Structures are given as structure tokens and as C-alpha cells.
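Heads up: the structure comes next, in C-alpha cells.
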Amino acid sequence: MREEIRIRIQEAAEPQYRDFSAKLLPAGTDLQGVRLPALRKMAGEIVKSGRWREYLEEYFQAKDCWFEEDMLAGFCIGGAKLPIEERMEYIRRFRPRIRNWSVCDSFCVSLKAVSKNREEFWPLVLESLGMEEEFSVRMGAALILDHYKTEEWADRALGCLGGITHPGYYAQMAAAWALAEFYLDFPGKTLPLLQSGKIPPEILRKTLQKIRESRRPSPEEKARLKEILEVAP
């Protein structure tokens, strides 16, 4: 089945879009140039056909997958109807296949089941945040941003985001992005963490920059945030 899908990917590929996308992804990313809406539609057709398990097994057995194949596999895992434990098993199998920010973020946002079963998936989030691989940590932060940005979960989520110390750029950017978004929705809960001195300086600077770039905080808020930035290490 994988070969059938690869033919469809090639048929849907756009050379100009490939060249544009290549500039946004790490050097050496093997991509054909298929737009995300087309990939989501293709994944939906695979799921609807009932052959998504067959496709995923062939995907996991392959060693040299295209960027588009990674996206399709992630969308199938997110879109298929299956028990929580089985979905978590597929997520764990897919996690080492995440090699760039685009696959990571698109995969995480597609996992709608997490928002419906936050407590059950929380151990998986913590597990990801505690791993050494940069994109596993990014995955944990992205899952929090996409599925745990609620009043009920804010304290637990912020505690975890504030504890991210991974040195990798993409892990740090995900942490900063999530912290900034939590501040915009829950400033009263997030500000004490930003002032605590517990957040690594690199992540704190990125967080404050993202918040100050938003139109939502008032000029007074931005001035206070600037003060935090000025005293940061």
C-alpha cells in the first residue's frame, strides 16, 4: 500500500511549493512538495478505507520515508478511531520519527483525542518532556499548548513548561511559545512563573519576546515584562 501512496504523493507534488518549503525545514529533509490540506485529505481517505493499520505498518517498517509520509502517518494516527491505549502505542512508535518542527506541530494538533481524554494522556506528555530527544520534548510542549490550555489544567501545565531545560533550539522555542500563549490566556497564573527565576534565560527571553509581540497585552503590561527581561541573566 505504501507504494500506492507514494505514487499519489508524487502526483500531488508541486515543485515550486517544494522549493519554498525546503527553505523552512532542516537541510536534507526529503520532501516532494505536497500542501498540507492535500495531505490531510489523503490521510482521511486512508483512514476511511479501513486500511490505515496496513499503511502504518508498512510505514514503520520503511527506513527512508519522505516528509509527506511522516505527515500522513501522523494524521492517520490522529484521525483513526481506536482505543486510547492503542493510540498511545502508535504515538510512542511515531515519536522517534519526528525529525522537524513541522511534522511535530502538525501531528500534535491532529491528536484531538487528547483534548477529550486529558487525564489519560497526561503521563505520555510527562514522558515526552523527560526525554533526551529534542523533538520528543517539543512534542510534549506542543501537546500541552494544543490540548491543555484550560483553567483546570493551567497550574499543572505551567509547572511542566517551567521545568523544561532542554538545550535544543526547537525544544526551547516550543516551551517559549506555549508559555507565551498561557500568559495571554492566564496572565495571573503565568506571570509569577516568569518572575520566579526558575525558567532558563534562553527560554525566558524568547517567551517575553513573543508576549510583547502580541497585540493583546496593554502597554503597561509590556513595560512590566520588559523589566523582567532587563533583570534576566
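Charged side chains reduced to their Cβ positions (Lys and Arg at +1, Asp and Glu at -1) give region 86-151 a dipole of some 240 debye around its Cα centre. With 25 Å as the limit on Cα-Cα distance, the pairs of LYS189/LYS222; LYS23/LYS112; LYS23/LYS149 that go past it are LYS23/LYS112; LYS23/LYS149.
Given +1 at the Cβ of Lys and Arg, -1 at the Cβ of Asp and Glu and no other charges, the dipole of the chain around its Cα centre is 460 debye to the nearest 20. With a/c under 1.5 counting as rounded, go ahead and sort the chain into rounded, prolate or oblate using the C-alpha gyration tensor (a ≥ b ≥ c being the square roots of the eigenvalues; past the cut-off, prolate if a/b is larger than b/c, else oblate). Because a/c hits 1.5 or more and a/b exceeds b/c, the chain counts as prolate.
Note on LYS63: no lysines have a C-alpha under 16 Å away, same-chain residues under 8 apart excluded. Cross-link reach is defined here as a Cα-Cα straight distance under 18 Å, omitting same-chain residues fewer than 8 places apart; for LYS226 the aspartates and glutamates meeting it are GLU181, GLU202, GLU213.
First measure r as the distance between the Cβ atoms of ARG224 and LYS198, then evaluate 1/(1 + (r/R0)^6) with R0 = 30 Å and state the FRET efficiency to the nearest 0.05. Result of the calculation: an efficiency of 0.95.
Computed about the Cα centre, the dipole magnitude for region 98-233 is approximately 360 debye when only Lys and Arg (+1) and Asp and Glu (-1) carry charge, each at its Cβ.
How far, in degrees from 0 to 90, does helix 219-231 lean away from the longest principal axis of the Cα atoms of the chain, to the nearest 10? With rounding to tens, the tilt is 90 degrees. What shape does region 98-151 take by its C-alpha gyration tensor, where a ≥ b ≥ c are the square roots of the eigenvalues and a/c under 1.5 counts as rounded, a/b above b/c as prolate, and the rest as oblate? The shape class here is oblate. Taking other residues whose beta carbon is less than 12 angstrom from the beta carbon of GLY188, and scoring Lys, Arg as +1 and Asp, Glu as -1, yields -3. If Lys and Arg each add +1 and Asp and Glu each add -1, what is the summed charge of the other residues whose beta carbon sits under 13 Å from the beta carbon of LYS81? Here the count lands on +4. Considering only TRP101, MET71, ALA113, the residue lying farthest towards the positive end of the dipole of region 58-118 is ALA113, judged by Cα position with unit charges set on Cβ. Annotation for region 98-161: GluC sites (Glu not before Pro) lying in DSSP loop with at most 12 further Cβ atoms inside 10 Å of their Cβ are GLU132, GLU151, GLU152.
In this structure, LYS116 and THR165 have a Cβ-Cβ separation that, at R0 = 35 Å, corresponds to a calculated FRET efficiency of about 0.70. A simple packing score, the average count of other Cβ atoms within 10 Å per residue, orders the peptides 160-166, 46-52 as 160-166, 46-52, with the highest score first. Using only the alpha-carbon atoms, how far is helix 101-110 inclined from the longest principal axis of the chain? Give it as 0 to 90 degrees, nearest 10. The angle comes out at about 90 degrees.
Taken one residue at a time, the phi angles of region 155-166 give Karplus couplings (6.51, -1.76, 1.60, θ = phi - 60°) of 5, 5, 5, 5, x, 6, 5, x, x, 6, 10, 4 Hz. Gly and Pro are set to x.
The stretch between ARG53 and LEU191, if pulled fully straight at 0.36 nm per residue, gains 45.2 nm over its current Cα-Cα span. Here region 114-141 is scanned for amide nitrogen atoms under 18 Å from the site 7 Å beyond the Cα of ILE84 along Cα-to-Cβ, giving 114-128. Straight-line reach from LYS41: taking Cα to Cα under 13 Å and skipping same-chain neighbours fewer than 8 places apart, the aspartates and glutamates in range are GLU68. Taking a sphere under 14 Å around the Cβ of LEU143 and counting the other residues whose Cβ falls inside, with K and R at +1 and D and E at -1, yields a net charge of +3.
Per residue, the average separation of C-alpha pairs within less than 8 Å and at least 6 apart gives the chain a relative contact order of 12 percent. Cα centroids of region 1-44 and region 128-152: how far apart, whole angstrom? Using only Cα atoms, the two centres lie 26 Å from each other.
Couplings 3J(HN,Hα) for region 22-28, derived from phi with the Karplus relation 6.51 cos²θ - 1.76 cosθ + 1.60 (θ = phi - 60°), are 4, 6, 9, 10, x, 4, x Hz, where x marks Gly and Pro.
Readers should treat all values here as calculations from the given coordinates under stated rules, not as data from a laboratory. What you see is a predicted model, and the numbers here were worked out from it, not measured in a lab. Cβ atoms come from the backbone with ideal geometry, glycine included; neighbour counts cover every protein chain shown.
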